Amino acid sequence: MGCDGGTIPKRHELVKGPRKVEKVDKVAELVARWFYCALSQEKLRRPIVACELGRLYNKDAIIEYLLDKSPDKTPMESASHIKSIKNVTELQLVDNPAWCGDKESIKGDKYDDLQSARFICPVVGLEMNGRHRFCFLRNCGCVFSERALKEIKAEVCHKCGTPFQEEDVIVLNGNKEDVEILKKRMEERRLKSKLEKKSKKGKTAAAASQQEPSAGPSKAKNGKDCVSSSSGENRQIIFTKSSENGNPSVPGKVNKASSTTTKRSIADSEDKSEAYKSIFTTHSSAKRSKEECSNWVTHTAYYF
């Protein structure tokens, strides 16, 4: 069916040529980067945070992303380098007094001026709408335009006064070259922090190993004290038992009972020594009586 004289095909319908490359609208790209969250694709609202690569996020979206540990979690390229809340910095932004908000354009009967931004640079006054390069300081989170940092060179933040270095300056929504430089700095910073943690652990382990031998003799002394104290407790227990056999035990008279028992032990030892002496003397006297009897028998036999 077709080509029967009712329709005349054209050349572009029959011959397929190379497809035209679709160009991205620059204005739409700037709006998506500077006015919407890079993770949830929602409008940016305070508190706003930025990662070490210069991307803007809503803090609520980052917290939900970090708390979601389900196996069905979809990997996000824009937040794959964020492992904890410490990898992002909360931004200290300055409101634009000329920005009237979105309240008047709810009905759609007003033109939205995309050139006007919600935030501005506190030093120069440039609007943060993507037309100008903006940076933030990783130490304090204050946001400035790149022009302000170049014109007013200082080693201290213009807003809060915290010191910073060139490595602490991070470009917001930079180009590919900026992102590569920031990625190298991020990797170096994380390696440095890991090495510092390992060195701290090694120092603590060495300090603990040095303290162990010094604590050894003290433990031994304490052990001897425990033995002596335990032996003393056993003696006290024995003394209380002996007091139970004789008189009712009273906790306040333990020392007296111990003294009486010691006296009794000394007396018993003296009695034993005297008994031993008496046994020895009786044995020796018995021997002597036998010898005298034998001598008397021999003497009488001699006379008879």
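Please go through segment 116-129 and pick out each residue that is assigned to a loop (DSSP other than H, G, I, E, B) and more than 16 Å from Gly174 (Cα to Cα).
The answer is Ser116, Ala117, Arg118, Cys121, Pro122, Val123, Val124, Gly125, Leu126.
Do we have Lys183 as surrounded by fewer than 16 Cβ atoms within 10 Å (Cβ to Cβ) and touching a Leu at 6+ places or on another chain (Cβ under 9 Å) here?
Yes; evaluated as a whole, the condition is true for this residue.
Having 1 or more residues that are in contact (Cβ under 8 Å) with a residue 24 or more places away in the chain, closer than 24 Å to Asp178 by Cβ and of a type outside the set (Phe, Trp, Tyr) is the bar; report the helices (runs of 4 or more DSSP H) wholly within segment 1-96 that clear it.
Qualifying helices (runs of 4 or more DSSP H): 26-35, 59-67.
Taking segment 43-57, which residues are surrounded by fewer than 19 Cβ atoms within 10 Å (Cβ to Cβ) and of a type in the set (Lys, Arg)?
Within segment 43-57, Lys43, Arg45, Arg46 qualify.
Within segment 58-85, restricting attention to residues that are of a type in the set (Gly, Ala, Ser) and under 25 Å from the mean Cα position of the chain (by Cα), which residue is surrounded by the most Cβ atoms within 10 Å (Cβ to Cβ)?
Ala79
Just so you know, all these numbers are worked out from the coordinates, no wet-lab data involved. Because the structure is a prediction, the values reported are computed rather than measured. Note that each Cβ is placed from the backbone with ideal geometry, even for glycine, and that neighbours are counted across all protein chains shown.
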